[in-house]
Amino acid sequence: MFIKRLVLILLFILAPIAALASSDAAHPVSPEQALQMLSEGNLRFALGQPAHPNTSFSRRLLTTTDGQAPFATVIACSDSRVPVEILFDQGVGDLFVIKVAGNVADTDEIGSAEYGVDHLGTPVLMVLGHTYCGAVTAVTTGAEVHGSIPLLVDNIVPAVEKAKHEHPGAEKAELINAAIEANVWQAVDDIMTKSHAIAERAAAGKVVVVGAIYDILTGKVSIIERAGVAPAAAHAAHAAPAAHAAPEAHAEAAATEKETPAHDDKAPAEKHAAPAKAEKKAEPAKAEEHAAPAAAKDAAHGEKAAAHAEEGSSGGGFGFFSFIVFVLLLIGAVFILDKKVLNPEEK
């Protein structure tokens, strides 16, 4: 009788352990690989050559049975012109996306980011701002807001004040651009200050935290560096008590986008104030100019990116094997309960 009770106890102990066994596994995609996959996917989108990966039924089946294992957590603006999975050319289960007006990082957003970074183990956390951001523009110009919006955009106010202080004589368009970038860093600082879980993982090199700007006209995402701070020092500032691991990953990703920076404090104010039609006329020629080398690059990295994305889907969550073990253990528990507890008189 003692042995049977011991077996029953072990069944109930092992069941939840089996269910959670796969959640602690290290993510198969490194921060460097994740940043490269984001950069390559965005390049395909900007050039009008998206691959639309991981959208098939087999992918949906895989993420249903093996659980989700996204390779990046992205906090982005709710703006309908910022479709995160599309602009990075990713599919089902690839990105853990948190969208909020002004890409601010308050309690709900930070908690959601912790789920992606700490629970799902994404190796990259990106705060993604964008050009022509309505929320930042409203705060910068002092536009009247009502309802619950003031409580939402109050997170943007410090960034706007910082931009005004650093650019006292800036024109309206230039000031808005500076505020958009400052708002990205404000969100990053809010996350690293208020989330011990993310800060600890960053210090341990398990996640790389980056800021980026998406140009809604060109379709390009540029990873940005904090003005006046060297890349390595900037990364160190966002990882307490130690520096981010692999700062080379940031430098490499920034170098990839360096040719076409979407957001530069030194750029003329007319950069985003110019009519969209004029820029659209220049865009096809630019895309044609880069189409050949981009196609070659995609061919060279396509298989590697696909491999990373595929193996990333099995890195965390409630795995299929764990599910089977869990069900078998429950069946055994029910059988023993039936025979020994509910119907003890049967022999």
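Any residue that is among the hydrophobic types (A, V, I, L, M, F, W, C), surrounded by 15 or more Cβ atoms within 10 Å (Cβ to Cβ) and not in a helix (DSSP H, G or I) - is there at least one of those in segment 34-49? Checking segment 34-49: at least one residue is among the hydrophobic types (A, V, I, L, M, F, W, C), surrounded by 15 or more Cβ atoms within 10 Å (Cβ to Cβ) and not in a helix (DSSP H, G or I).
Would you check which residues across segment 131-144 are part of a helix (DSSP H, G or I) and surrounded by fewer than 20 Cβ atoms within 10 Å (Cβ to Cβ) and list them? Please lay out each step first, then the result.
Here is the first cut: in segment 131-144, the ones part of a helix (DSSP H, G or I) are 134-141.
Passing the criteria: GLY134, THR137, ALA138, THR141.
If a residue counts only when it is small (Gly, Ala, Ser), open to solvent by 20 Å² or more (accessible area, probe 1.4 Å) and modelled with pLDDT of 95 or more, which helices (runs of 4 or more DSSP H) contained entirely in segment 145-254 have at least 1 such residues? Break it down into steps so the answer makes sense when it comes.
Working: elements: 149-153, 157-166, 172-194, 196-203, 231-237.
Hits in segment 145-254: 172-194, 196-203.
Check GLY121, GLY134, GLY102, GLY147 and return the single one that is small (Gly, Ala, Ser) and under 28 Å from THR55 (Cβ atoms). Quick ask: steps written out before the conclusion?
On the way: GLY134 fails: under 28 Å from THR55 (Cβ atoms); GLY102 fails: under 28 Å from THR55 (Cβ atoms); GLY147 fails: under 28 Å from THR55 (Cβ atoms).
Only one candidate qualifies: GLY121.
With respect to the conditions (1) without any contact (Cβ under 8 Å) to a residue 40 or more places away in the chain; (2) more than 16 Å from SER39 (Cβ to Cβ), VAL82 falls short on a single one, namely (1). Within segment 84-93, the set of residues being closer than 19 Å to TYR214 by Cβ and open to solvent by less than 40 Å² (accessible area, probe 1.4 Å) comprises VAL84, LEU87, PHE88, ASP89, GLN90, GLY91. Scanning segment 94-130 for residues that are buried (at least 23 other Cβ atoms within 10 Å of the Cβ) and in a loop (DSSP other than H, G, I, E, B) gives ASP94, VAL104, ALA105, GLY121, THR122, PRO123.
Looking at the structure I just gave you, is SER78 surrounded by fewer than 18 Cβ atoms within 10 Å (Cβ to Cβ) and closer than 30 Å to PRO158 by Cα? So SER78 passes the test. Selection of segment 50-85 for residues being outside any loop (DSSP other than H, G, I, E, B), within 25 Å of TRP185 (Cβ to Cβ) and not charged (D, E, K, R) yields ALA72, THR73, VAL74, ILE75, ALA76, VAL84.
The values are calculated or read from the model by the stated rules, or taken from the named source; none is laboratory data. Here the structure is a predicted model, which means the values were calculated and not measured. Quick reminder, even Gly has a Cβ in these numbers, built from the backbone with ideal geometry, and neighbours come from all protein chains shown. Ligands, DNA and RNA are stripped out before the accessible areas are found, and what is left, the full protein with its side chains, is counted by its heavy atoms. Shrake-Rupley method; radii C 1.70, N 1.55, O 1.52, S 1.80 Å.
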